[in-house]
Amino acid sequence: MKRTLIAASILLTAGVAQANDCNIDLDGSLTFEKGVLTVSSPGSAKMTITPDYTLLIDGQAYSTNADQQRAVEDYYNSMSKALPMTADIAVEGVQLATTALNEVFGELIGYNDDAVLELNEALSRIGEDVNNSFYAEDGSLHIRSSDFDNGVFEDHWEAELEQAIEKAVFSSMGKLLIAVGTEMLFSGGDGNAFEARMENFAEDLEQRIENQADGLEFKAEQLCDVLHIADIAEADLNREFSELSDLNLLEVTRDSHRM
């Protein structure tokens, strides 16, 4: 049961990091504060782009020709679009996982059980952490890749979520066994009835959250499209500016069979 619950939670939040047919790798440092984007990767100069598309490399402002300016604007526009999309997907993913896990444990041992209430508190804290990692107190987008163990586009909270689920399972194990035993007792030792009830519950839960899950998947696919444009613009910056030839913050690969 423990492994099933953990697998379900990870499946529900998988859209936070990337679409099923899209691999996104982030190698370097990224900050986005008050509309100012700053990025660098190992061995590269630090690039900063302001909201008016002014380019600075290692703090020095650069004049640009038409092609260079187009690359700067394409990169800034795609990244400034992708980052709030990432934030929204992360927040919605945790909310969806919270709903699903609350339903699973509530159905098994009761929604007012201490273990369920404690799990909800833990999930609420994770949700707040996710939100605070992307948004400042004034509501503006505020992202620093250094705040994440594995980069902005990784599932930073997977371990914390798994720990909360494991704790809930262990603290309620006795009640879960009693619930299963009670079902077996009232069914004359036949576990098929209990299994059928849980299957019906799982199908009902899946139907209720399916639209949200599909919405997250669609948003993840859109995010991949935007980051793919950013990746192309990054390659243009590599060609247009010798100082940025080693910049390789993004690596986006797509499934060749994607429709």
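The values are calculated or read from the model by the stated rules, or taken from the named source; none is laboratory data. Note that the structure is a prediction, hence the values are computed from the model and not measured. Quick reminder, even Gly has a Cβ in these numbers, built from the backbone with ideal geometry, and neighbours come from all protein chains shown.
General remarks:
- Segment 31-114 holds no strands (runs of 3 or more DSSP E) entirely within its bounds that carry 2 or more residues that are among the β-branched types (Val, Ile, Thr) and touching a His at 6+ places or on another chain (Cβ under 9 Å).
- Restricted to segment 84-136, and to residues there that are of a type in the set (D, E, K, R) and under 12 Å from the mean Cα position of the chain (by Cα), the residue that is surrounded by the most Cβ atoms within 10 Å (Cβ to Cβ) is Glu92.
- Residue among Leu237, Leu227, Leu223, Leu249 that is closer than 28 Å to Val104 by Cβ, in contact (Cβ under 8 Å) with a residue 40 or more places away in the chain and surrounded by 19 or more Cβ atoms within 10 Å (Cβ to Cβ): Leu223
- Hey, Asp129 closer than 18 Å to Asp88 by Cβ and modelled with pLDDT of 65 or more or not: yes
- For segment 24-52, the set of residues classified as loosely packed, with under 14 Cβ neighbours inside 10 Å and farther than 13 Å from Glu234 by Cβ consists of Glu33, Lys34, Gly35, Pro42, Gly43, Pro51, Asp52, listed by residue number.
- Scanning segment 10-42 for residues that are acidic (Asp, Glu) and at pLDDT 90 or above yields one hit, Glu33.
- Listed by first and then second residue, the pairs with beta-carbon distance under 9 Å, at least 6 apart or on different chains, first residue in segment 84-108 and without any contact (Cβ under 8 Å) to a residue 12 or more places away in the chain, second surrounded by fewer than 23 Cβ atoms within 10 Å (Cβ to Cβ) and of a type in the set (S, T, N, Q), are Gly106/Asn112.
- Test: residue in segment 39-55 that is within 18 Å of His228 (Cβ to Cβ) and either small (Gly, Ala, Ser) or without any contact (Cβ under 8 Å) to a residue 24 or more places away in the chain (or both): yes
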